[in-house]
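Take a look at the structure below.
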There are 2 protein chains.
Amino acid sequence: MSGNNPGEQRRALTLRDVSEASGVSEMTVSRVLRNRGDVSEGTRDRVLEAAKRLGYVPNKIAGALASQRVNLVAVIIPSLSNLVFPEVLSGISAELEETGLQPVFGVTNYSAEREELVLYEMLSWRPSGVIIAGLEHTAAARAMLENAGIPIVEIMDVDGPVVDSVVGISHKRAGLEMARAIVKAGYSRIAFLGTKMPDDHRARKRLEGFEAGLAEAGIELVDREFYSGGSALMKGREMTEAVLSRSPEVDFLYYSNDMIGAGGLLYCLDKGIDVPGRIGLAGFNGVELLEGLPRRLATMDACRREIGRRAAAIISGHSEAGLIGGERVELTPVLQPGDTIRPA
Amino acid sequence: MSGNNPGEQRRALTLRDVSEASGVSEMTVSRVLRNRGDVSEGTRDRVLEAAKRLGYVPNKIAGALASQRVNLVAVIIPSLSNLVFPEVLSGISAELEETGLQPVFGVTNYSAEREELVLYEMLSWRPSGVIIAGLEHTAAARAMLENAGIPIVEIMDVDGPVVDSVVGISHKRAGLEMARAIVKAGYSRIAFLGTKMPDDHRARKRLEGFEAGLAEAGIELVDREFYSGGSALMKGREMTEAVLSRSPEVDFLYYSNDMIGAGGLLYCLDKGIDVPGRIGLAGFNGVELLEGLPRRLATMDACRREIGRRAAAIISGHSEAGLIGGERVELTPVLQPGDTIRPA
DNA sequence: CTGAAAGCGCTAACAA
DNA sequence: TTGTTAGCGCTTTCAG
């Protein structure tokens, strides 16, 4: 408020400043500011008044170093532009809201190398826990996770070996069940349309499960088409056109996510193709965003918010209890048949 | 790798451990690990080998306290579920990638109170800079920003008084120009459909600008409709239906964002309404996600990624130069007429 | 090129 | 209820 000579480098306020301004020892000031221990009403008021008047903001760096406790939870995800992850994050945020823990986000762009880097960076802040998407990590990243000495929760996927705790769904199973539902509905000449990302293991596992499901009925994929980058809705259109002109006999299109599926749906409607009569369609994720399309695309809910919540709950539970122990939460995605699979 | 008695609380490794394992002083180990100062090839190798073998992860808390430097940039945004912000974040991430600075995100849920809290929390980590959405803050938040002694960049909006630097667009102007374009195209019975959020000041400013633009031509809004929550596409449909049945004379619908606009577009197409002949439509944001709809919705690009980039660049520039000085970057959103405004 | 000493701002532990 | 003393693990500074 006063004495702000511009140009003069202002030193940030310290506990000592508040201590001097209030005539109370640093230690007691610290107690007041953290609501710790017994402090008399009078002292408390004097301290709070002084802190507020000066505009004191505590230095968590120093606090964390002294107390060896950091209220940060590292959250590592592949991407922010894929709709799915912001939803997971908001589940995490919501769950952590009242726990005193703060999520810190890092993004890997679907690169295992970058994941390793981001993880290293985050661990060096000594967070109280780590939530990380997927089960596939570099050897070094895995080692860091194992040695961090804090609760680790791998999320989204449960198909594979785990470091500590895990919260997710089985993408293999999701693909498998979708395949069964499609076969049961009488489709048999089926194509897959998906993303081509080297490190998108979950999409890969869904496809594997899907093929396994088809194999049960002696069916093989008729065609497949991959893309990367660009607007998903548009890509969905383009890929659908490509597949339908290349393999006109196809009667079902399974998309690796709802956005490209929606593009495909719009394309089919444009072309006057009978959906789900002539061609059935299904996506994956259960993106709420898409409610409101001319038809509801068949999909499977990936339980994104719930995954975020449960993962955060594990971290906050363990950080309270002070223990580290692998929990396993497998959520079950439910088929939402929508309007694009014909009734069995 | 060895000696991991489970159950035994493992103390995290310190510089001293690396020092002892390599037979080099802590100070020199520190130099090697930070690539600072001259260290002989031999010592360097010994240190790196030891650090790697032990799996040492530096403690940034201690480092930051000692050096009084923190490579964190606090980024405060209203929401993650609104498409727009993840894009800003990815602009920030991209720009910061090579600077050694790390973004840390906080979410306010469009609440000024919560913003104040999040800001306090983040400032207590003594970040190198703050990027914060919007110009409207509580008095206390404003005071914190002013006294933080670090570069502050307010983003998204330039219509109003600023704390330090600002990067954004004028939403008033965006609304104004949209109004002019619509009037010029010959529409005159115009309705507004938007979100009802107390602290969404940018949507409010767009509406104000829009009304001002209409007023230039002596036109007043025929109708308005607000919503909150739910799937935007669906809400767009519902609101559109409501307005059209209440005010059948309307010939243009201006939506406060592209998602509800897209819902409206789909509704009109469903009903066989001639767009843009009978009714014109426009949204706001320039959401790439929507490319691939049956028609391209008229919109205005909000320059989200660019805003993120520029804001991050200001922070990293100032943190290098060590100075704090208000920069002002006003980007100009461009009208994308798409297929839903009839040619003037 | 390398090392020793002195903190960074706070809190744990103990003393009064 | 309040204060004192020692660090937390690193880096700055200065001395070899």
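Quick notes on this one:
- Cβ-Cβ distances below 6 Å connect the following pairs, each with a first residue in region A:129-145 that is within 14 Å of chain B (Cβ to nearest Cβ) and part of a helix (DSSP H, G or I), a second residue that is open to solvent by less than 10 Å² (accessible area, probe 1.4 Å) and hydrophobic (A, V, I, L, M, F, W, C), and a separation of six or more residues or different chains: A:141/A:119; A:144/A:119; A:145/A:152.
- Hits in region A:238-250 (condition: in contact with a Lys or Arg (Cβ under 7 Å, 6 or more places away or on another chain) and either part of a helix (DSSP H, G or I) or open to solvent by less than 10 Å² (accessible area, probe 1.4 Å) (or both)): A:250
- Within region B:27-37, one or more residues are at pLDDT below 95, more than 8 Å from every other protein chain (Cβ to nearest Cβ) and more than 10 Å from DNA strand D (Cβ to nearest atom).
- Within region B:61-93, tally of residues that are over 28 Å from residue A:62 (Cβ atoms) and open to solvent by 40 Å² or more (accessible area, probe 1.4 Å): 3
- When residues in region B:279-289 are screened for being surrounded by fewer than 21 Cβ atoms within 10 Å (Cβ to Cβ) and either away from chain A (no Cβ under 14 Å) or more than 20 Å from the chain's Cα centre (by Cα) (or both), 0 of them pass.
To keep it simple, each residue is scored yes or no on (1) touching a Ser or Thr at 6+ places or on another chain (Cβ under 6 Å); (2) not small (Gly, Ala, Ser).
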{"position": "A:17", "(1), (2)": "no, yes"}
{"position": "A:37", "(1), (2)": "no, no"}
{"position": "A:49", "(1), (2)": "no, yes"}
{"position": "A:54", "(1), (2)": "no, yes"}
{"position": "A:64", "(1), (2)": "no, no"}
{"position": "A:78", "(1), (2)": "yes, yes"}
{"position": "A:82", "(1), (2)": "no, yes"}
{"position": "A:89", "(1), (2)": "no, yes"}
{"position": "A:116", "(1), (2)": "yes, yes"}
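- For region B:88-97, the criterion of a residue being hydroxyl-bearing (Ser, Thr, Tyr), at the interface with chain A (Cβ under 9 Å from one of its Cβ atoms) and within 25 Å of residue A:124 (Cα to Cα) is satisfied by at least one position.
- Condition met for residue A:83 (at the interface with another protein chain (Cβ under 9 Å from one of its Cβ atoms) and under 36 Å from the mean Cα position of the chain (by Cα)): yes
- Among the residues of region B:15-53, the ones that are under 40 Å from the mean Cα position of the chain (by Cα), away from DNA strand C (no atom under 12 Å from the Cβ) and surrounded by 15 or more Cβ atoms within 10 Å (Cβ to Cβ) come to 3 in all.
Per-residue answers, yes or no, for (1) more than 24 Å from residue A:69 (Cα to Cα); (2) at pLDDT 95 or above; (3) open to solvent by less than 30 Å² (accessible area, probe 1.4 Å):
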{"residue": "A:132", "(1), (2), (3)": "no, yes, yes"}
{"residue": "A:136", "(1), (2), (3)": "yes, yes, no"}
{"residue": "A:147", "(1), (2), (3)": "no, no, no"}
{"residue": "A:153", "(1), (2), (3)": "no, yes, yes"}
{"residue": "A:160", "(1), (2), (3)": "yes, yes, no"}
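- One residue stands out among those in region A:39-84 that are touching a Pro at 6+ places or on another chain (Cβ under 7 Å) and hydrophobic (A, V, I, L, M, F, W, C): the one that is farthest from DNA strand D (Cβ to nearest atom), which is A:80.
- Looking across region B:98-107 at every residue that is more than 23 Å from residue A:287 (Cα to Cα) and not charged (D, E, K, R), the one that is farthest from the other protein chains (Cβ to nearest Cβ) is identified as B:99.
- If the condition is being within 18 Å of residue A:85 (Cα to Cα) and assigned to a helix (DSSP H, G or I), then region A:165-203 contributes A:171, A:201, A:202, A:203.
- The residue pairs whose first member lies in region A:211-236 and is within 11 Å of chain B (Cβ to nearest Cβ), whose second member is assigned to a loop (DSSP other than H, G, I, E, B) and acidic (Asp, Glu), and whose beta carbons are closer than 6 Å, counting only pairs six or more residues apart or on different chains, are A:231/B:291; A:234/B:291.
- Residue A:294 being in a loop (DSSP other than H, G, I, E, B) and open to solvent by 30 Å² or more (accessible area, probe 1.4 Å): yes
- Look at (1) within 16 Å of DNA strand C (Cβ to nearest atom); (2) in a loop (DSSP other than H, G, I, E, B) and you find that residue B:82 fails only one, number (1).
- The one condition in (1) part of a loop (DSSP other than H, G, I, E, B); (2) free of Cβ contacts under 8 Å to residues at least 12 places away in the same chain; (3) more than 8 Å from chain B (Cβ to nearest Cβ) that residue A:56 fails to fulfil: (2)
- If you filter region A:105-123 down to residues that are more than 20 Å from residue B:106 (Cβ to Cβ) and not in a helix (DSSP H, G or I), you find that the one that is least open to solvent (accessible area, probe 1.4 Å) is A:108.
- Residue ID - nearest to the chain's Cα centre (by Cα), chosen from residues in region B:261-278 that are surrounded by fewer than 21 Cβ atoms within 10 Å (Cβ to Cβ) and part of a helix (DSSP H, G or I): B:269
- Condition broken by residue B:153, with the remaining ones in (1) within 28 Å of residue B:255 (Cβ to Cβ); (2) touching a residue at least 60 places away in the same chain (Cβ under 8 Å); (3) not in a loop (DSSP other than H, G, I, E, B) satisfied: (1)
- Listed by first and then second residue, the pairs linking a residue in region A:59-79 that is within 9 Å of another protein chain (Cβ to nearest Cβ) to a residue that is near DNA strand D (Cβ under 9 Å from one of its atoms) and open to solvent by 40 Å² or more (accessible area, probe 1.4 Å), with Cβ atoms under 6 Å apart and 6 or more places separating them unless they lie on different chains, are A:61/B:65; A:62/B:65; A:65/B:65; A:70/A:126.
- All positions within region B:163-182 that are farther than 27 Å from residue B:215 by Cβ and open to solvent by 10 Å² or more (accessible area, probe 1.4 Å): B:163, B:164
- Summed over region B:202-226, the residues that are under 19 Å from residue B:258 (Cβ atoms) and open to solvent by 30 Å² or more (accessible area, probe 1.4 Å) give a count of 4.
The values are calculated or read from the model by the stated rules, or taken from the named source; none is laboratory data. Treat the numbers as computed from the prediction; the structure is a model and nothing was measured. Every residue, glycine among them, receives a Cβ derived from its backbone with ideal geometry; neighbour counts consider all protein chains shown. Calculation scope for accessible area: heavy atoms of the full protein, side chains included, ligands and nucleic acids excluded. Shrake-Rupley method; radii C 1.70, N 1.55, O 1.52, S 1.80 Å.
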